[in-house]
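Heads up, the thing below is written out as structure tokens.
The values are calculated or read from the model by the stated rules, or taken from the named source; none is laboratory data. Here the structure is a predicted model, which means the values were calculated and not measured. Cβ placement follows ideal geometry from the backbone for every residue including glycine, while neighbour counts extend to all protein chains displayed.
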Amino acid sequence: MDVYIVAVFRAREHTMKFNAELLQKGYRASVINTPREIFSSCGISVKFEEYAVSFARQVIRYYDFQSFAGFYLKEGSNYRMIY
């Protein structure tokens, strides 16, 4: 089963900063096109592995990204908002 988390933002700048923070700490993350099942005005999101969610939440709180639209857990072909 394909399981990972997608971080969705409404601003491209915040997407790129969030991705850079994960990479800087050694987490595997990548910028992807926002899946069409998830609404977002920004066309890109960050994909990362589930084990990094605790650190990812810290990054969101620290930077107070106003454009943050949520974390979505992908399980199989479904997306579910988890934060």
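Summary of computed values
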read-out: Hits in segment 60-80 - residues which are closer than 13 Å to F9 by Cα and of a type outside the set (S, T, Y); value: I60, D64, F65, Q66, F68, A69, G70, F71
read-out: Total residues in segment 12-37, condition out of contact with any strand residue (DSSP E or B) (no Cβ under 8 Å at 6 or more places or on another chain) and at pLDDT below 95; value: 1
read-out: Residue list for segment 30-59, filter: hydroxyl-bearing (S, T, Y) and within 10 Å of F9 (Cα to Cα); value: T34, S40, S41, S45
read-out: Every residue from segment 53-83 that is acidic (D, E) and modelled with pLDDT of 95 or more; value: D64
